[in-house]
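Novice: Sharing a structure, written as structure tokens. Questions coming.
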Amino acid sequence: MQNQFSRMELLTGEEGLKRLQQSRVAVFGVGGVGGYTVEALARSGVGTLDLIDNDKISLTNLNRQIYALHSTIGRYKVEVARERVLDINPRAQVNIYRIFYLPETAAQFDFTKYDYVVDAIDTVTGKLMLVQQAKEAKTPVISCMGAGNKMDPAAFMAADISETSVCPLAKVMRRELKKRGITSLKVVYSRETPLKPRRQEMDCKEQEYNGAQGDSRRQTPGSSAFVPAAAGLIAAGEVVRDLLQEM
């Protein structure tokens, strides 16, 4: 009998689809990259999604974020994401957390409950803590490196962090993770040299956001519609593939 996941089942088989439907995946950060990851996981049949983000949709999100519409400006991203996921798959379970993942909030999450964790947050301190927490819980994790100031979606790939090059964020993460005894981590990164933004303007909304993340000095990166989407979809593809390989 045909259903909304029939075309996916042709690739995964009945048992594979059941595995996805029984899986619980946490996506930390549902902005440009994480939003597309959530979209693809929902359309792939993942049964339970935990979405973690405390940001609201702003005007400058419209050029690249899947949940950003004029009708959703000012709303929390996780709330809009939950509505969209349930519209795609009414049987899905979507747990939302209006909170930024930071070292100060990490204890609120039990990573042993997840079958997979996606790191799509922006701050280095948060990413390091998230990876460390996932490793301690022995929960598979994929970490998304820098997507800002890039224009080539074909330059993104999944690899172990030890194999990365060019990406400044991956370099920092590689060094800091090594200090913590972590030498292996699946990441999505770009081999493209970051471009220099032509203008450095930051509206009040983004200043507030960066401040909440504990990084108010960070320059606002340029971003396109297709680069974050490519990174997010690659991350989702890796999650689905790894979940199916665990069968």
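Novice: Tell me, Thr220, Thr193 in order of fewest to most beta-carbon neighbours within 10 Å?
Specialist: Exposure proxy ranking, most exposed first: Thr193, Thr220.
Novice: Once the piece of chain linking Phe226 and Glu246 is laid out straight, how much longer is it, given 0.36 nm per residue of separation minus the C-alpha distance between them?
Specialist: In short, 4.1 nm is gained.
Novice: Indicate the gyration tensor shape class of region 58-108 (rounded, prolate or oblate), computed on the Cα atoms with a ≥ b ≥ c the square roots of the eigenvalues: a/c under 1.5 is rounded; otherwise a/b larger than b/c is prolate and the rest oblate.
Specialist: It comes out oblate by the Cα gyration axes.
Novice: Something else about it: Rank these for me by crowding, Leu86, Leu17, going from fewest to most other beta carbons within 10 Å.
Specialist: Ordered from fewest to most neighbouring Cβ atoms within 10 Å, Leu86, Leu17 come out as Leu86, Leu17.
Novice: How would you rank Tyr116, Tyr36, going from fewest to most other Cβ atoms within 10 Å of each one's own Cβ?
Specialist: The fewest-first ordering by Cβ neighbours comes to Tyr116, Tyr36.
Novice: Quick check: from the Cα gyration tensor, does region 52-151 come out rounded (a/c under 1.5), prolate or oblate?
Specialist: Oblate, because a/c is 1.5 or more while a/b does not exceed b/c.
Novice: Shape verdict for region 19-108, please, from the Cα gyration tensor: rounded (a/c under 1.5), prolate (a/b greater than b/c) or oblate.
Specialist: Verdict is oblate for region 19-108.
Every read-out reported here was derived from the displayed coordinates using simple, explicitly stated rules and does not represent laboratory data. Keep in mind the model is a prediction, meaning the values are calculated, not measured. FYI the Cβ positions are ideal-geometry reconstructions off the backbone, even for glycines, and counts take in every protein chain you see.
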